[in-house]
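Participant: Please see the structure below; I have some questions.
The values are calculated or read from the model by the stated rules, or taken from the named source; none is laboratory data. All values reported here derive from a predicted model rather than from experimental measurement. Every residue, glycine as well, gets a Cβ built from its backbone with ideal geometry; the counts of neighbours run over all protein chains shown. Note: areas computed on protein heavy atoms with side chains; ligands, DNA, RNA excluded. Shrake-Rupley method; radii C 1.70, N 1.55, O 1.52, S 1.80 Å.
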Amino acid sequence: MLGWHWLIEWQTPYEFHGHLIDKVLAEEKSSYQHIMLVEFKRFGKGLIIDGKVQSTLYDEHIYHELLVHPLLLSLDNPSNILILGGGEGATLREVLKHKSVRRVTMVDIDEKVINFAKKYLHEWHQGAFEDSRTKLIIGDGYKFVEETNEKYDAIILDLTDPIKDSTSYKLYTKEFYEKLKRILNNNGGIATQATSPSFSLEVYVTIYNTVKEVFKRASASYTYMASFDGLWGFVYGGVSPESLSKDEIDERIRQRIAGKLRYYDGYSHQISFSLPKYIRQEFERINKISTEKEPIYVPA
Ligand code: SAM
């Protein structure tokens, strides 16, 4: 295999996975991050930021559907939505499938990622940036939340992992969730990607604990992502998606979503919210929360 490119992605300080790259399609460096679009041998096109796979065409639908739909289907009439991060535009694409949605504000810190997505990632955003309901803002999500006067029905955090000294780690803390709570309408809710139950189980559980501390109601889901080589987790606050039955989810999808879903339905919902025993035991055992003084980081 000499002469081929490999992505060596470190999952923990003592474990890496290698993915064979057919072609580097584009590469840029912004003042925040190093961005690459590649063609993986196994997963097709993939976006890599700072050496970490963000999503690939093979399974991005699993991640983005599970991040968005359990939250929005748990709310009564979600209309005004805020997305923080989500550079590829695929979270935006999923939010716009909800017929009740009138306005989506998406705030991403890195203009280069957005321009990159607009230019190369059409399969991800599928034109979502041009939808008349979309308002795109380039800026720090933390600052935006502190300064906005608007209120939202749902807030979705599709951010890079909480890595030490990164632009996103503060957006996984109790103080930040308290700020989010202040800009949520009554009965609103949040969803966040919550890193990997395979590589950073303590971080996943701590994000859940922190969301629960602030929103009182919290739920966690998980799925398998082949392109991340492991399990991936999500946490929802202010809502209880797990209390919806298989039939209720299927009925709400039929009534409220325009367009097709590839992963999420009543059956996948039950699987994703049925955490296995060893993970449930960790929810019992770990009672840490993430604060600005003591944030939780993925091992990197
Ligand atoms: N699926 C991803 C993963 O594997 O972690 C996350 C997707 S998305 C590409 C992450 C986005 O978060 C990037 O576009 C990045 O620019 C954005 N981001 C990081 N820190 C941010 C901040 N403080 N405010 C807004 N956006 C931020």
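Participant: Would you mind counting up the charge near K174? Only other residues with Cβ under 14 Å from its Cβ, with Lys and Arg at +1 and Asp and Glu at -1.
Facilitator: Net local charge, K174 excluded: +3.
Participant: Sticking with this structure for a sec: Once fully extended, how much extra length lies between H17 and E146, figured as 0.36 nm per residue of separation less the alpha-carbon to alpha-carbon distance? Could you put the intermediate results ahead of the total?
Facilitator: On the way: separation 129, 0.36 × 129 = 46.44 nm, distance 3.80 nm.
Going from the current span to full extension adds 42.6 nm.
Participant: Okay, moving on. Heavy-atom accessible area per residue, region 60-292, 1.4 Å probe: how many Å²? Intermediate results must be reported in sequence, preceding the final value.
Facilitator: Working: 9470 Å² over 233 residues.
With the other protein chains kept in place, region 60-292 gives 41 Å² per residue.
Participant: Accessible area of E282, 1.4 Å probe, to the nearest 10 Å²?
Facilitator: Around 40 Å² of this residue is reachable by solvent.
Participant: Okay, moving on. For region 173-254, what % of the accessible area comes from carbon and sulfur atoms, probe 1.4 Å? Each step should come with its number before you reach the end.
Facilitator: Values: 1200 of 2880 Å².
The nonpolar share, carbon plus sulfur, comes to 42 percent.
Participant: Would you work out the Kirkwood radius for the chain? I mean one over the mean of 1/r across all pairs of different Cα atoms, in Å. Walk me through the numbers before you get to the answer.
Facilitator: Details: mean 1/r = 0.0519 Å⁻¹.
One over the average 1/r among Cα pairs gives 19.3 Å for the chain.
Participant: Check which residues have an amide H placed less than 5 Å from A26's amide H, if you skip close sequence neighbours.
Facilitator: For A26, whose amide H was placed from the backbone, the distant partners under 5 Å are L37.
Participant: Before anything else, pin down the relative contact order of region 142-195: Cα pairs under 8 Å, at least 6 apart, normalised by residue count, whole percent. Don't skip to the answer; put the middle values down first.
Facilitator: Details: 57 pairs, mean separation 28.5, N = 54.
Computed value for region 142-195: 53 percent relative contact order.
Participant: With N residues in region 5-56, what two-decimal value do you get for its Cα radius of gyration over 2.2 N^0.38 Å? Before the final figure, lay out each step's value.
Facilitator: Working: Rg = 10.8 Å, N = 52, 2.2 N^0.38 = 9.9 Å.
After normalising by residue count via 2.2 N^0.38 Å, the value is 1.09.
Participant: Å³ per residue of the Cα convex hull, for region 108-165?
Facilitator: Values: hull volume 7.0 nm³, N = 58.
Looking at region 108-165, the number lands at 121 Å³ per residue.
Participant: Continuing with this model, one more query. Taking springs between alpha-carbon atoms closer than 10 angstrom, which of N187, N209, N80 fluctuates most in the Gaussian network model of the chain?
Facilitator: For the chain, modelled as a Gaussian network with Cα springs under 10 Å, the answer is N187.
Participant: Of the accessible area of region 21-104, with the probe set at 1.4 angstrom, what percent is carbon plus sulfur?
Facilitator: Values: 1200 of 2710 Å².
C and S atoms contribute 44 percent here.
Participant: Sort the following peptides by mean Cβ neighbour count (other Cβ atoms within 10 Å, averaged over residues), highest first: 5-11, 98-104. Please list the in-between numbers first.
Facilitator: Numbers: 5-11: 15.0, 98-104: 17.4.
The peptides rank, most packed first, as 98-104, 5-11.
Participant: Net charge around E123, counting only other residues with Cβ within less than 9 Å of its Cβ (Lys, Arg = +1; Asp, Glu = -1)? List each step's numbers first, then the result.
Facilitator: On the way: positive: K45; negative: E60.
Cβ neighbours under 9 Å give a net charge of 0.
Participant: Separate question: Counting only the heavy atoms of the protein chains, how much of Y58 is accessible to a 1.4 Å probe, in Å² to the nearest 10?
Facilitator: 110
Participant: In straight Cα distance, which lysines are under 18 Å from K216, not counting same-chain residues fewer than 8 positions off?
Facilitator: Output for K216: K174, K179, K181, K288.
Participant: Enumerate by residue number the trypsin sites (Lys or Arg not before Pro) in region 153-200 meeting two conditions: DSSP loop (anything except H, G, I, E, B), and at most 16 other Cβ atoms within 10 Å of the site's Cβ. Numbers along the way, then the final one.
Facilitator: Values: sites: K164, K170, K174, K179, K181, R182; in loops: K164.
Answer by residue number: K164.
Participant: Further question on the same structure: Over region 5-56, with the other protein chains present, what is the accessible area per residue in square angstrom, probe 1.4 angstrom?
Facilitator: Per-residue value: 51 Å².
Participant: Which trypsin sites (Lys or Arg not before Pro) in region 9-41 sit in a loop by DSSP (not H, G, I, E or B) and have at most 16 other Cβ atoms within 10 Å of their own Cβ?
Facilitator: Those satisfying the criteria are K41.
Participant: Using a Gaussian network model of the chain with C-alpha springs under 10 Å, which one of L180, L72, L275 is most mobile by mean-square fluctuation?
Facilitator: Result for the chain, Cα springs under 10 Å: L275 fluctuates most.
Participant: So, one more: Using the C-alpha gyration tensor of region 1-160, what are the square roots of 5 times its eigenvalues, in whole angstrom, with the largest one first?
Facilitator: Numbers: eigenvalues 177, 53, 43 Å².
The answer is 30, 16, 15 Å, longest axis first.
Participant: Can I ask one more? Which of I207, I83, I253 moves most in a GNM of the chain, Cα contacts under 10 Å?
Facilitator: Fluctuation is largest for I253.
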